[in-house]
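The values are calculated or read from the model by the stated rules, or taken from the named source; none is laboratory data. Keep in mind that this is a model prediction, so the values were computed, not measured. When we count neighbours, we look across all protein chains shown, and the Cβ atoms used for this are built from the backbone with ideal geometry, even at glycine. Calculation scope for accessible area: heavy atoms of the full protein, side chains included, ligands and nucleic acids excluded. Shrake-Rupley method; radii C 1.70, N 1.55, O 1.52, S 1.80 Å.
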Amino acid sequence: MQDRVLQKAVRILERPVCDHCLGRQFAQLLSGRTNVERGRAIRDAVAMALDSEENLKVDMSNFAGYRFHHSELKTPEARVACSACADVFEDVETYVKKVARVLTKLDFNTFLVGTQVSEELIGAEEELWERSGIEWCEPIKGELNREVGSRVEKVVKKKVDFKKPDVLVLLNLAKRRVSVEINPLCIYGEYNKLKRGIPQTKWPSGKYKISVEQIIAKPFMRATGGTNHKLHGMGREDIDARCLGWRPFILEILEPNKRNVRVAQLQKAANKDKRIRVRNMAFIDSSAIERLKRAQPDKSYRALVILNKTVAPARLKKLAVLNNKEIYQETPTRVMHRRADKVRRRVVKEVKWRRLGPRKIEIRVRAQAGTYIKELISGDGGRTYPSVSELLGVKARVKELDVIEIHGKKF
Ligand SMILES: [Zn+2]
C-alpha cells in the first residue's frame, strides 16, 4: 500500500482547511458520499496517524475538538477559518434563502444555480491544488452549485435541470448578489397566412405594421408577460404571397414571467384575427429551433401567371420539360441587396398548368426547398434557366402566388 491518500491529506492539512474543502480534493473517490463525509473520514484518519506518534507536519487547528491519547499532542482551542474557502459553505443557508426569495416570485418548472466565485477564492483554490495536486478533485464551483441547488430544490419544490433549465440563477459570491436569467418559452405551431402583404416576421424598419409573428405572439405576450418574441418558420413565403398550406413554426417568448399558460386558449385568441390561422400549438424544447431551421421540405405552389403575348394551348405542353428538372438560379435581382450572388441548383419536381385565358395561366409547381418560384416563371432576365418565360418564348410574370403545401412537417 502506498498511502497516497493520506500523504495527500497531510499536504492539504498543512494549512487550516474545512471538511468541504478537504473532502472535495477526494471527490472522485467513493460514490454516494458528500464531500463533508469524505473530509471527516480523512481528517479522522490523519488524526489517528498523529495519535500513533507519527510525526506529521500539519496545522493543529485542523484538529480542534479532537481528544488524543498521545499526551504530547495539544488539543487546539478553536478551529481557524478555512484557508481554501474562507468558510463560504457556512453561508450556504443564507444564499439558499436569497435564491428562494427571488425564485418564488417567478413561474417556472426547472432551474439551475450557477455560482460566480471571487478572484480570492479562485486564487486560494489554486494555491491548495499546487500544494496537493488535482488528482480526484472537484472545483469549488461544482460543490457550491450542487449544495445551493439541492437545498433550493427542497425549498421551492422545483427541479434542477442541468441541460435546459427554465431559469438560471446566478449567485455572485463576491458581491453577495443573486440574479436570474429567464430562458425563452418555446411554442410549436403551424400557420396559414390568408391575406397578402403581410411579412412573416416583424419588419425592422416599421414599413409593415403587422406580421404573422406579431398576430400570433400577441395573446402569448399578454399571458406570459414576456419582454419580446421571435418567430422561427420552416421557410418563409414572400410578403405578397399567401400561405394556404400549414407552415410549421416555433414562437419564442423572451423572458416570460409566467410559463404555465394555457396554450389551447391562447391559440384560440390568435385565431380571432382573420388574416391568419394557427393550429397544433404546444410547448416545445428550444433545441427544436435548430432542427426546424434545418428542415428542407418540398413545397407546392399555385401561381397565377400573366403572359405578355398570347400563347397557343399546344405550346403550353413545353412546360412538361420542367418535370423533375434541375434548374439553375442566380440570386434573384429583387433580393441581390441582401443575399450573396451565387448560382443555386434546385429540382422542380412537378409542374401542372391550366389555361385560364389567352394570356393567363395557372401553374402548380412542386419544388425543392429554396426554389425561387417567381423567377422560375419569369426567368429573371435569364438569371434562372430554364424558366416558363424561356420555354414559352414570351414574358411571363406571377400575378398571385400561394404556397399550397409544405410536404413533410417532421423535423
Ligand atoms: Zn473550505
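Name the single residue that is farthest from the ligand (Cβ to nearest atom) among those in the range 19-31 being farther than 15 Å from TRP129 by Cα and either in a helix (DSSP H, G or I) or open to solvent by less than 60 Å² (accessible area, probe 1.4 Å) (or both).
Here the residue is LEU29.
Find the residue count for the range 369-379, including only residues that are among the small types (Gly, Ala, Ser), open to solvent by less than 40 Å² (accessible area, probe 1.4 Å) and closer than 15 Å to ILE306 by Cβ.
1
Search the range 49-60 for residues being open to solvent by less than 70 Å² (accessible area, probe 1.4 Å) and more than 51 Å from the chain's Cα centre (by Cα), and hand back the single one that is nearest to SER71 (Cα to Cα).
Among them, the one singled out is ASP51.
It is to be established whether one or more residues within the range 328-336 are in a loop (DSSP other than H, G, I, E, B), on the phi < 0 side of the Ramachandran plot and open to solvent by 80 Å² or more (accessible area, probe 1.4 Å).
no
Consider VAL46 against the criteria (1) surrounded by 13 or more Cβ atoms within 10 Å (Cβ to Cβ); (2) more than 27 Å from GLU147 (Cα to Cα): it satisfies all of them except one. Which criterion is unmet?
Exception for VAL46: condition (2).
Could you go through the range 9-18 and let me know if any residue there is more than 48 Å from the chain's Cα centre (by Cα) and away from the ligand (no atom under 16 Å from the Cβ).
No, the range 9-18 contains no residue that is more than 48 Å from the chain's Cα centre (by Cα) and away from the ligand (no atom under 16 Å from the Cβ).
Among ARG151, ARG79, ARG67, which is the only one that is without any contact (Cβ under 8 Å) to a residue 40 or more places away in the chain and charged (D, E, K, R)?
Criteria check complete, one pass: ARG67.
Residue-wise test of (1) surrounded by fewer than 18 Cβ atoms within 10 Å (Cβ to Cβ); (2) outside any strand (DSSP E or B); (3) not assigned by TED's automatic domain parsing to the domain that holds ILE253.
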| residue | (1), (2), (3) |
| --- | --- |
| TYR191 | no, no, no |
| LYS195 | yes, yes, no |
| PRO199 | no, yes, no |
| TRP203 | yes, yes, no |
| GLN214 | no, yes, no |
| PHE220 | no, yes, no |
| HIS229 | no, no, no |
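Look at the range 345-368 and say how many of its residues are open to solvent by 10 Å² or more (accessible area, probe 1.4 Å) and either more than 17 Å from GLU400 (Cα to Cα) or not assigned by TED's automatic domain parsing to the domain that holds PRO386 (or both).
7
Would you call ASP44 more than 16 Å from the ligand (Cβ to nearest atom), at pLDDT 95 or above and charged (D, E, K, R)?
yes
What's the number of the only condition in (1) of a type in the set (Ser, Thr, Tyr); (2) surrounded by fewer than 16 Cβ atoms within 10 Å (Cβ to Cβ); (3) within 14 Å of the ligand (Cβ to nearest atom) that THR34 fails to meet?
(2)
Yes or no: the range 47-65 includes at least one residue that is within 11 Å of the ligand (Cβ to nearest atom) and among the basic types (Lys, Arg).
no
What tally of residues in the range 66-87 results from selecting those that are in contact with a Pro (Cβ under 9 Å, 6 or more places away or on another chain) and either open to solvent by 70 Å² or more (accessible area, probe 1.4 Å) or away from the ligand (no atom under 16 Å from the Cβ) (or both)?
Total satisfying the criteria: 3.
Need the failing condition index for ASN183 against (1) closer than 27 Å to ALA369 by Cβ; (2) open to solvent by 10 Å² or more (accessible area, probe 1.4 Å), just the number.
Result: ASN183 passes all but (1).
Which of the numbered conditions does PHE89 fail, given that it passes all the others? Conditions: (1) touching a residue at least 24 places away in the same chain (Cβ under 8 Å); (2) assigned to a loop (DSSP other than H, G, I, E, B); (3) not basic (Lys, Arg).
PHE89 satisfies all of (1) touching a residue at least 24 places away in the same chain (Cβ under 8 Å); (2) assigned to a loop (DSSP other than H, G, I, E, B); (3) not basic (Lys, Arg) except (2).
Across the range 294-305, what is the total count of residues that are hydrophobic (A, V, I, L, M, F, W, C) and surrounded by fewer than 18 Cβ atoms within 10 Å (Cβ to Cβ)?
Matching residues across the range 294-305 total 2.
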